[in-house]
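Structure first, then comments.
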Amino acid sequence: MAHPSAGHFPAVIRFVDVHKSYRVDGRDIPALQPFSLDIVDGEVFGIIGLSGAGKSTLIRLINLLERPSGGRIFVGGTEMTALAEPALRAQRRRIGMIFQHFNLLASQTVADNVAFPLRLAGERDAGALRARVDELLARVGLGAHADKYPSQLSGGQKQRVGIARALANRPSILLCDEATSALDPQTTASVLELLAEINRELKLTIVLITHEMDVVRRVCDRVAVLDAGAIVERGAVADVFLHPQHPTTKRFVNEALPEEAASELAPFARVSGRILRLSFRGDATLSPSLSRVARETGVEFNLLAGRIDRIKELPYGQLTLAMQGERVDAALATLREAGIEIEELHR
Amino acid sequence: MSPLQRLFPNIDDWGELGRACLDTLLMLGGSLALTVLIGLPLGVLLYLTGKGQLRPMPKLYAITSLLVNILRSVPFIILMIVLMPLTYALVGTKLGIRGAIPPLVIGAAPFFARLVETALREVQQGVIEASQAMGASLWQIVRHVLLPEARAGIAAGVTVTAIALVGYTAMGGAIGSGGLGDLAYRYGYLSYKSDYMLVTVVLLVVLVQVLQMIGDRIVARFGRH
């Protein structure tokens, strides 16, 4: 699958030389180093970083919950940083946002929470409100919970209410602020599935921040890695995930692949042969290249670690193996021709 | 002699006692309504202009806060006397229910405003941020987020204020505002008719109990979710 990248698609969110610092006790504490970034229409863009890296500041710059110290921010062609208060409020209605702790109104029912942004936007007609709320709750699978209060729901259900609320005004952009960080793994998976579905069906651009590489792997098209207020790496998720460059990125990828991390620490010296990491993407994952090459060249391989999974919809595989034999180089050349990426970890 | 007379030999006019009860209730109701009407916006103002809040205005906050503290630190009986010229200017009398209401409100509104401010501070910052992200204006946030979310705390504040007002009305009796406090003071204290004292105290205790019960029920209802 081709990944959208800046240049080929229109940027729906554009940061131009933006930086942000906070004034604390008369001193400027930098939160985000100057950066420029384009997020294109219809993609799911992930921003990953440790806590304190500046990711929650970055996502809040988009709807100007945080004002930049310098630079310009465009959303859908409108320069957000140039807007006066009323115009800014109107723009914010076109950008949905969901939060780690859901931030629902505890005093209102599920239905009233979802109707809230519609009422803020001036909708008064009870029938129209009810119809839209029912439609939204059905989309997030909470049709039966309209009259409950948030405290009666599970975390995953609360986040679904948050998503329904964020979609109420038919936004073109959805911002997700650590939306799954307070959820257990199964609930996280189902919420991410819902986000992916929304992205597909409503053609909504999604920007999400997270500290989990697994979230990025499951739903994002592109990713930026934030470290101490600077974007240290960015690109298509498959590239960043399979070939991380920056130490911080490598750490995130290793967290998502614990068995891979373990194999890098394994006593390779005790294994004879060349230690290789083979990465397969897309169709390459599905063809039996490895056994064919082994048969043809007579090399032997010993599997040390491996995984087959998906990066969003893209199937991929990664195998760490020890290879020995007289024609290893020829074998590797053939594998590369078949579209398999090879890294040599140890010789 | 009826048993009632044997028990309370000095109380010859139960009607007077009934009227005093009604006066106390009227003073309480009137002053509580005005206190909420003035104290609620004042509490919202204190909250909004506070440090790190939605519209921080350090100077305005400092002035309002000082005024509130001054009014809260003057003992009510003294406040009532000090305010007499103002009371007269406002309602044309210093006596009776009408004369009691201005000092009661001026004494209780700052107290209630602080309770409102505290209740509003309990509202999750995240909920406010979410409504800002939805494009809510300041007024919409106050009206549709802050006040509904803080309603349990505000109801508790109204209860506490109402009970404080019961005490204030009783004090007011000493300087001519009528009501149960007036009876207790004139008959019970000045004329040594201790059965009057006993009956008024019992009535005041019952009143406070009833107020607390109603308040608790409302708070529980609001706070359930």
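Values in this text are rule-based calculations from the coordinates and carry no lab data. Every value quoted in this text rests on a predicted model; they were computed, and no experiment measured them. Note that we place each Cβ from the backbone using ideal geometry, even for glycine, and neighbour counts take in every protein chain shown.
When the Gaussian network model of chain A links Cα atoms closer than 10 Å, the mean-square fluctuations of A:P247, A:P68, A:P171 top out at A:P247. Electrostatic bookkeeping for A:L83 treats Lys and Arg as +1 and Asp and Glu as -1; over the other residues with beta carbon under 14 Å from its beta carbon, the sum is +4.
What's the average, rounded to a whole number, of partner chain beta-carbon atoms within 10 Å of each residue's beta-carbon in A:104-112? Working shown, then result.
Details: counts 4, 10, 9, 13, 5, 1, 0, 0, 2.
That works out to 5 on average.
Here the residues A:R165, B:R221, A:R23, ranked from fewest to most Cβ neighbours within 10 Å of their Cβ, fall in the order A:R23, B:R221, A:R165. Residues B:C21, A:C176, ranked from the fewest to the most other C-beta atoms within 10 Å, line up as B:C21, A:C176.
Just rank B:Y61, B:Y168, B:Y185, B:Y192, fewest to most, by other beta-carbon atoms within 10 angstrom. Don't jump to the answer; show the numbers that get you there.
Details: B:Y61 19, B:Y168 26, B:Y185 22, B:Y192 10.
Ascending Cβ contact count within 10 Å gives the list B:Y192, B:Y61, B:Y185, B:Y168.
Take the Cα of B:A174, step 7 Å along the line toward its Cβ, and report every residue of the range B:185-208 whose backbone nitrogen sits under 17 Å from that point. Hits in the range B:185-208 for B:A174 at 17 Å: B:185-192, B:197, B:201.
Treat every Asp and Glu Cβ in the protein assembly as shown as -1 and every Lys and Arg Cβ as +1, leave all other atoms uncharged, and give the resulting dipole magnitude about the Cα centre to the nearest 20 debye. Don't skip to the end; give the middle numbers.
On the way: 59 positive and 53 negative charges, 282 e Å.
That gives a dipole near 1360 debye.
Taking Rh as the Kirkwood radius computed over C-alpha pairs, what is the Stokes-Einstein D of the protein assembly as shown at 10 °C in a medium of viscosity 1.306 mPa s, expressed in µm² per second?
Result for D is 55 µm²/s.
Comparing A:L335, A:L278, A:G298 along the charge dipole axis of the range A:266-346, the residue lying farthest to the positive side is A:L278, per the Cβ-charge model. For chain A, excluding the exposed loop sites themselves (GluC sites (Glu not before Pro), DSSP loop, at most 16 other Cβ atoms within 10 Å), the longest remaining stretch covers A:124-312. Here the Kirkwood formula puts the hydrodynamic radius of the range A:49-145 at 15.7 Å, using every distinct Cα pair. When the Gaussian network model of chain A links Cα atoms closer than 10 Å, the mean-square fluctuations of A:L104, A:L153, A:L136 top out at A:L153. Take the Cβ atoms of A:D41 and B:L67, set R0 to 56 Å, and the FRET efficiency comes out at 0.55. Computed over Cα pairs, the Kirkwood radius of the range A:266-346 leads via Stokes-Einstein (1.002 mPa s, 20 °C) to a diffusion coefficient of 167 µm² per second. Between the range A:115-138 and the range B:83-117, the alpha-carbon centres lie 44 Å apart. Within the range A:11-255, antiparallel bridges make up roughly 55 percent of the DSSP beta bridges whose residues both belong there.
Within a 10 angstrom radius of each residue's Cβ in A:94-103, how many Cβ atoms of other chains show up on average? Whole number is fine. Don't skip to the end; give the middle numbers.
On the way: counts 1, 3, 2, 5, 2, 5, 1, 4, 4, 9.
Partner-chain Cβ atoms within 10 Å, mean over residues of A:94-103: 4.
So which of A:K55/A:K250; A:K55/B:K59; A:K20/A:K158; A:K158/A:K312 end up more than 26 Å apart by C-alpha? Intermediate results must be reported in sequence, preceding the final value.
Numbers: A:K55/A:K250 18 Å; A:K55/B:K59 34 Å; A:K20/A:K158 32 Å; A:K158/A:K312 24 Å.
Table pairs above 26 Å Cα-Cα are A:K55/B:K59; A:K20/A:K158.
Over chain B, the Kirkwood radius and the radius of gyration, each from Cα atoms, give a ratio Rg/Rh of 1.08.
Take each residue of peptide B:119-131, count the partner chain Cβ atoms within 10 Å of its Cβ, and average: the result is 4.
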